Each structure stands twice: as C-alpha cells, then as structure tokens.
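In what follows, a structure is listed as structure tokens, so that the remarks can point back to it.
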Amino acid sequence: MRKLIIGLLCLAGLAVVIDFGAAAYTEYDVSRQLRAGAELSADPEVTFHGFPFAAQALGGRYDKVTLRARSMRPDIPGEIGMEATLSGLHAPIGQLLDGAARNVQVDRVEASMRIEPTELGRLFGIPDLQVHTRPADKSDGTGGSGGSGMTTAGALVLTGTLATAPNGRVLGTGVVPTSTSTRVPVQVQADLLLDGDQVRIQATGFYRDTSGPTDTTTTTKNEIPEADQAAVLERFSRTIDTKELPFGVTPTEVSALGGQIVVEGIGRNVTIDLDRLQRR
C-alpha cells in the first residue's frame, strides 16, 4: 500500500509537470505568433491561467489568458504598454499551435494601454514632466502626487520645467536653449478626458497646492509674463489618439495611475483577430 501511494504521488507530480510544460510551450508558441502578426519589437508575455491546462486544451476553451506587450508608435516617442485579458477563449489547441486560429471567439476582453511618464515627457517636449493627482484626491487612496491608486479623470496636476530667455520670456517648443537660458518650474491643473477614441489632456490654469506648506520653488501665474501664459498652458495640453486598444476594443475609460495615463476598454462576446494585437 505504501509503495502504491508513493507511485500515485509520483504519477500525480509527473502529470503536473507535463501539464505546466504543455502550458509553457503553448504560451511560447502563441507569443511568437503574436509578435510576427502584430509586428512587435519583442515577444509579448503570454500566460494561460487555470489548472489543469490539458483539460482546457482538450475542451477548446481557456478560462483566462493574459497578454502583455511593448509597442512602438510613430506619434508617441518611445514605447507604450499594451495589455489584454481574454476570459473564455475558444480555440482548438491544434489551431493555436499551428497558427491556424486567427479569428477566435472570446467571452470577454479587457484591454488597456499605458503611457508612462518618460514617454509623456517626450510627447509634451518637457523631459521632466510629472503627472500628479490633486491633494483633494488623497482620501480616495491614491496618496496624491501620482501615488499607487487610480484617480478620477479630470483631477490632474502637471509639473515640469520650461526654458526661459534672459528677459524672462518662456522659450517655445523647438527653440534650443542657450547658455544664458534658465529653467523655471511650472505647475498647472489639467482636465483628463476621453473624447471618442482620443484622450485629451487640457491645461486649464496654473496651480498651487494650498493644503500644505507654501511651496516657494514652483513658478506661479504671476511669475510668468502675461504674454506667455496662454502658450505655457498650451505646452501642457495634448490630444492622444488611442488608435483603438488591443484587438480593436473601443476605449471606455481613461485615468491616471502612478504617473501613467491608462486607457481601458471592455468587449463582450467578440471575435478577435490574433494577428491584430496592435492595430496600425
């Protein structure tokens, strides 16, 4: 009996190893196909969740599959993060492995794209640009200042430094600072809006946090020449085309999370094209 129990345990352990091996091989194969189909610069991260994987493969339905990738876009310098969670993916295992499963049925798709602070700074032409939450949002668990939680759209503070000429005038975009130029810190309040498939970050005015000690390092509206104020606010405003989320999911929400701009959308009972993780 003892030998029988040990033997059964060994078989169970071997079955688990084989199951995880099969899942890993499928993840690798699907990742390579996604990279080729979406013309990505690197293999995306693919994870099949749930155990046993073999039972899902035999049934042709996978409980949950997550995809994470980095993508280059001509209109956003650098890379953006893309993520999709596929719940209830229907596809025979053979078609997944040989690349024949291009159009597959999915019960639910949660898709998102993330633009990180570095890319935002390049997009705005303000290298040290930071996205913060307003102090009034601290009670919602975000911790303010672009903390760990999610903010509500429309409650942003943007900070960054701009170059000025010796006469104090703020240099415009594309003007190369000289040795006599100085940099002044600027802090503005901005609205974060989702307008169709476009994200709008619109600076609405200069901002100073009055909830704490006076900050003497941040330039106020009165310290910026009146002739430059409108142009400065324009420097902190941008419209970003989401170009649809992974698999063509329509964006439904935009928010700020940890200094990033996050655009999200959900699709239900949809057919997706595995070649179109990234639409161009």
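The values are calculated or read from the model by the stated rules, or taken from the named source; none is laboratory data. Bear in mind that the values here come from a model prediction, so they are computed numbers and not experimental data. When the accessible area is computed, the model is the full protein with side chains, heavy atoms only, and any ligands, DNA or RNA have been set aside. Shrake-Rupley method; radii C 1.70, N 1.55, O 1.52, S 1.80 Å.
A few notes on this one:
- Full-extension gain in nm, Arg61 to His90, via 0.36 nm per residue minus C-alpha separation: 10.0 nm
- Added length on full extension, which subtracts the Cα-Cα distance from 0.36 nm per residue, Ser41 to Thr250: 72.8 nm
- Amide H to amide H distances under 5 Å link Arg183 with Thr164, where only residues 5 or more positions off or on other chains count and H is placed in the peptide plane.
- Taking 37 °C and 0.692 mPa s as conditions, segment 81-134 diffuses translationally at an estimated 228 µm²/s according to Stokes-Einstein applied to its Kirkwood radius (Cα pairs).
- Fraction in percent of alpha-carbon pairs per bin - 10 Å, segment 20-78: 22, 44, 24, 9, 2
- Based on protein heavy atoms only, segment 37-122 ends up with 43 Å² per residue of surface accessible to a 1.4 Å probe.
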